[in-house]
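**Q** First the structure, then my questions, so here it is.
The values are calculated or read from the model by the stated rules, or taken from the named source; none is laboratory data. The shown structure was predicted, so the numbers you read here are calculated from the model rather than taken from an experiment. We place every Cβ from the backbone using ideal geometry, glycine too, and count neighbours over all the protein chains shown. Heavy atoms of the whole protein, side chains included, go into the accessibility calculation; ligands, DNA and RNA do not. Shrake-Rupley method; radii C 1.70, N 1.55, O 1.52, S 1.80 Å.
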Amino acid sequence: MAPEPGAAKKAQAKVRAAKKKKNKENQKARKAAHLAQKQEPQTKKKPTQDDNWDIEYVPDAPAHESDPVFAAMRSVFQRFEVQEEEEEEPEDDAVDPNKRRRNKEKLRAREPEEESDDDEMAGLSRKRRKEMNRMSVAMLKSLVRRPDVVEVWDTHAPDPRHLVFLKAYRNTVTVPRHWSHKRRYMAGKRGVEKPPFKLPEYIEATGIAKIRQAIMEKESSKGLRAKARDKVRPKVGKLDIDHQVLHDAFFKYQTKPKGVSRHGEMYYEGKEYEVKMSAKKPGQLSEALRLALGMGDNHPPP
């Protein structure tokens, strides 16, 4: 049988009415409890002699000392033990009447020294006080494991020993050396002509540069109409080159470029002009050096 129209709405209305009734009853109960609490006489309990208790915390009995686990954790348990406060014995002037007098004399003798030190420090500037408290380079080198990484300005750091530890840590990248220079970075390269980009030898061997040059010459000889037509309908496949040749160039004949920095090496001005002594070996003379010295084949050096 089909349900009567509007039966679901009637059921929802009944549920809402029941919730409203329950909320009203709860509000009435809370109001009644609040009024009863206000009407109760507030009687304050007077403190008696029995209320002044002295609470003493008694720690648990420690584990057996022969237990190896307890022996390993003994220092931890000692931190949480309740330490008994030592009662200070009152000073008896009748027993030692000269004791207070000697203490006063010591304080009087110490006061002028402290005042003179304070006067000296007060007369110095803040910068001078910092320099006096700063350790020397020799002292810093004697305190660290790697004295070879210590520099003059390392002593100016808030924590010089920690700074030297970070500098000596493995795989640490150093700060660029131009941080303390007055002039701008790469200012020495101003006016130096930059050479044009040159393709690597393994890419140039594929002949792609010649094909590209021929296409560019052909494009320059075209008229305006032909260029406009190529913009609307561009042609695809102008660079006709074998993919196997490109594959061999990159995966078979590719060489490592020169002048690539290793991990942790920072670039600085004039680095490319330095001679790498790692590639030089003693006893081997280059052809240019032989010609300069006038040496022939199988001839000893002069």
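**Q** Scan (1) in contact with a helix residue (DSSP H, G or I) (Cβ under 9 Å, 6 or more places away or on another chain); (2) farther than 30 Å from K167 by Cβ; (3) without any contact (Cβ under 8 Å) to a residue 40 or more places away in the chain; (4) not β-branched (V, I, T) for the single condition E265 breaks and write down its number.
**A** Unmet condition: (2).
**Q** Given the criteria in contact with a helix residue (DSSP H, G or I) (Cβ under 8 Å, 6 or more places away or on another chain) and at pLDDT 85 or above, does K222 qualify?
**A** In short, yes.
**Q** Only one of R170, R145 is at pLDDT 90 or above and open to solvent by 100 Å² or more (accessible area, probe 1.4 Å); which?
**A** Working: R170 fails: at pLDDT 90 or above.
Answer to the selection: R145.
**Q** What are the pairs with Cβ atoms under 8 angstrom where one residue, in segment 269-298, is on the phi > 0 side of the Ramachandran plot and the other, located anywhere, is open to solvent by 100 Å² or more (accessible area, probe 1.4 Å) and part of a loop (DSSP other than H, G, I, E, B)? Sequence gap at least six, or different chains.
**A** Matching pairs, first to second residue: G294/P302.
**Q** Of the residues H178, H162, H156, which single one is of a type outside the set (K, R) and in contact with a Phe, Trp or Tyr (Cβ under 9 Å, 6 or more places away or on another chain)?
**A** Step by step, each of H178, H162, H156 is checked, and only H178 is of a type outside the set (K, R) and in contact with a Phe, Trp or Tyr (Cβ under 9 Å, 6 or more places away or on another chain).
**Q** Turning to a different aspect of this structure: Can you run down the residue pairs with Cβ atoms below 7 Å, 6 or more apart or on separate chains, where the first is in segment 142-153 and in a helix (DSSP H, G or I) and the partner is at pLDDT 90 or above and not charged (D, E, K, R)?
**A** As it stands, the answer is V149/V164; V149/A168; V152/V137, since those pairs meet every condition given.
Here's the yes/no breakdown for (1) under 39 Å from the mean Cα position of the chain (by Cα); (2) surrounded by 10 or more Cβ atoms within 10 Å (Cβ to Cβ); (3) of a type in the set (D, E):
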position	(1), (2), (3)
A228	no, yes, no
V236	no, no, no
Y273	yes, no, no
P282	no, no, no
L285	no, yes, no
R290	no, yes, no
D297	no, no, yes
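**Q** For segment 180-200, give me each residue that is surrounded by fewer than 10 Cβ atoms within 10 Å (Cβ to Cβ) and farther than 24 Å from A138 by Cα.
**A** K182, R183, R184, R190, G191, V192, E193, K194, P195, P196, F197, K198
**Q** Among the listed residues Y253, Y268, which satisfies the condition of being open to solvent by 100 Å² or more (accessible area, probe 1.4 Å) and of a type in the set (S, T, Y)?
**A** Going through Y253, Y268 in turn, the sole match is Y253.
**Q** Restricting attention to segment 129-142, report how many residues are at pLDDT 90 or above, open to solvent by 80 Å² or more (accessible area, probe 1.4 Å) and aliphatic (A, V, I, L, M).
**A** Residues that pass the stated criteria total 1.
**Q** Moving to a separate point now. Has segment 36-50 got at least one residue that is open to solvent by less than 100 Å² (accessible area, probe 1.4 Å) and at pLDDT 65 or above?
**A** Yes, some residue in segment 36-50 is open to solvent by less than 100 Å² (accessible area, probe 1.4 Å) and at pLDDT 65 or above.
**Q** Testing Q213 on (1) open to solvent by less than 80 Å² (accessible area, probe 1.4 Å); (2) more than 37 Å from the chain's Cα centre (by Cα), one condition comes back false. Which one is that?
**A** (1)
**Q** For segment 228-256, give me the residue count where each residue is part of a loop (DSSP other than H, G, I, E, B) and either closer than 23 Å to R212 by Cα or in contact with a helix residue (DSSP H, G or I) (Cβ under 9 Å, 6 or more places away or on another chain) (or both).
**A** Applying the first criterion (part of a loop (DSSP other than H, G, I, E, B)) to segment 228-256 yields 233-242, 252-256.
Filter again for either closer than 23 Å to R212 by Cα or in contact with a helix residue (DSSP H, G or I) (Cβ under 9 Å, 6 or more places away or on another chain) (or both), leaving 233-242, 252-255.
Looking only at that region, the number is 14.
**Q** Filter segment 165-190 down to residues that are touching a helix residue (DSSP H, G or I) at 6+ places or on another chain (Cβ under 6 Å) and either outside any loop (DSSP other than H, G, I, E, B) or hydroxyl-bearing (S, T, Y) (or both), then give me how many there are.
**A** Of the residues in that region, 2 qualify.
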